[in-house]
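Novice: Attaching a single structure in structure tokens format; questions to follow.
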Amino acid sequence: SPTDSGGISAQEMLQTGPTQLKMHSLAMISQGNIKGGIDETYLPGLTACAMDKESLLRSTAARILGQYFVQEKDTPNPEVVELLISLSNDESDDVRFSAIYYGLTEVKHISPELAEHLLNLAAKERSENLYDKIVIALSTYKPQITELLDEKLAQGDNIAIYELYEDFTGQKPKNTDKYLDMPSSRPHLLIISGDGEDSSTLKEELIKELKAAGMENPNVKVSGTSGNSVLMLTTYITRDYMTAKEALSNHDKFSITQEMWLTPELEMQIEAMRKAQ
């Protein structure tokens with residue numbers, strides 16, 4: 001097996017080496033510098049790294065497990081899938097991302113249990129890349145997903161499941177009325193562009209339009225410098241989000257150029273951009 005100059009195999013380094021050596025071995029794998037390729041003999045070492053207290057090791061191991069033992073496999077190793085499911089609940093954002101993005105969403109034939117797990121993850125993980133990847137992974141299972149979401153909605157007033165419904169099924173959920181005045185599971189952020197005047201005038205005009213459409217107190221901010229600025233509307237209630245979408249869908253002056261969930265990470269990024277302006 002491939003060895004370093006001291007005669008210790010990469011597999012042994014992954015299992016028993018100190019953090020630096022483990023990281024070195026994972027980097028060699030990531031860069032494709034392991035002779036003979038990666039096979040099942042690496043699993044014990046990768047598993048050890050995936051359970052290490054160092055989150056960078058867990059995250060890198062999760063990505064490698066997905067890339068080598070799940071992607072392109074008709075039937076991935078069930079122990080690897082179980083490990084990735086465990087890592088998808090990790091306390092570290094990076095570890096969860098690696099496990100879901102490179103692993104669980106790459107499983108070719110998704111079991112009902114994994115489908116439900118991915119749905120539950122989508123309800124919690126709203127970072128754009130991850131959310132979109134889960135939607136795509138489950139897109140070939142629409143009848144089963146629709147049934148599962150209907151069941152979950154019937155069990156109680158779960159606003160997060162209601163919010164997933166259209167993205168995952170392509171249909172509007174039933175009984176939408178009871179959700180309209182509920183707070184969103186997390187805020188929506190709509191990026192809006194407008195023609196013409198300076199940004200502060202556009203902001204006032206947008207607020208006026210949204211109030212006329214039925215929003216009580218639209219939360220609109222300007223981002224960027226004049227000439228290169230956009231308006232950002234944050235909504236906290238389901239009804240406000242739907243009102244804004246409808247009011248601006250075919251507007252002659254304002255258009256929604258992007259929309260996303262306002263995750264804590266995104267809020268921090270926006271705040272940093274504001275301070276830099």
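The values are calculated or read from the model by the stated rules, or taken from the named source; none is laboratory data. A quick note: this is a predicted structure, and the numbers were derived from the prediction, not measured. Because the Cβ atoms are built from the backbone with ideal geometry, glycine has one as well, and the counts that use them run over all protein chains shown. Protein only, heavy atoms only, side chains kept; ligands, DNA and RNA dropped before computing areas. Shrake-Rupley method; radii C 1.70, N 1.55, O 1.52, S 1.80 Å.
Novice: Of all the residues that make up segment 238-274, how many are at pLDDT 90 or above, open to solvent by 80 Å² or more (accessible area, probe 1.4 Å) and not in a strand (DSSP E or B)?
Specialist: 2
Novice: Take segment 125-145 and flag every residue that is exposed (fewer than 13 other Cβ atoms within 10 Å of the Cβ) and either under 12 Å from the mean Cα position of the chain (by Cα) or over 22 Å from residue 109 (Cβ atoms) (or both).
Specialist: 129, 136
Novice: Looking only at segment 64-112, count every residue that is open to solvent by 20 Å² or more (accessible area, probe 1.4 Å), among the hydrophobic types (A, V, I, L, M, F, W, C) and closer than 21 Å to residue 148 by Cβ and tell me the total.
Specialist: Of the residues in segment 64-112, 2 are open to solvent by 20 Å² or more (accessible area, probe 1.4 Å), among the hydrophobic types (A, V, I, L, M, F, W, C) and closer than 21 Å to residue 148 by Cβ.
Novice: Between a residue in segment 85-96 that is closer than 14 Å to residue 47 by Cα and any residue that is outside any loop (DSSP other than H, G, I, E, B) and polar (S, T, N, Q), which pairs come within a Cβ distance under 6 Å, given they are 6 or more apart or on different chains?
Specialist: The qualifying pairs are 95/55; 95/59.
Novice: Follow-up question, since we're still on this one. Can you find even one residue in segment 8-15 that is part of a helix (DSSP H, G or I), out of contact with any Ser or Thr (no Cβ under 8 Å at 6 or more places or on another chain) and at pLDDT 95 or above? Steps first, answer last, please.
Specialist: The first filter runs over segment 8-15 and keeps only residues part of a helix (DSSP H, G or I), leaving 10-15.
Among the residues that remain, those that are also out of contact with any Ser or Thr (no Cβ under 8 Å at 6 or more places or on another chain) are: 12, 15.
Checking the rest, the ones that are also at pLDDT 95 or above come to none.
So far as segment 8-15 goes, no, none of its residues is part of a helix (DSSP H, G or I), out of contact with any Ser or Thr (no Cβ under 8 Å at 6 or more places or on another chain) and at pLDDT 95 or above.
Novice: Could you check segment 17-59 and list, in sequence order, the residues that are polar (S, T, N, Q) and touching a residue at least 24 places away in the same chain (Cβ under 8 Å)? Give the derivation first.
Specialist: Here is the first cut: in segment 17-59, the residues polar (S, T, N, Q) are 19-20, 25, 30-31, 33, 41, 47, 55, 59.
Passing the criteria: 19, 30, 41, 47, 55, 59.
Novice: I've got another one for you. Taking interchain pairs and intrachain pairs at least six residues apart, which have beta carbon atoms under 7 angstrom, with the first residue in segment 177-201 and farther than 18 Å from residue 234 by Cα and the second of a type outside the set (D, E, K, R) and open to solvent by 30 Å² or more (accessible area, probe 1.4 Å)?
Specialist: Every condition considered, the pairs that remain are 198/226.
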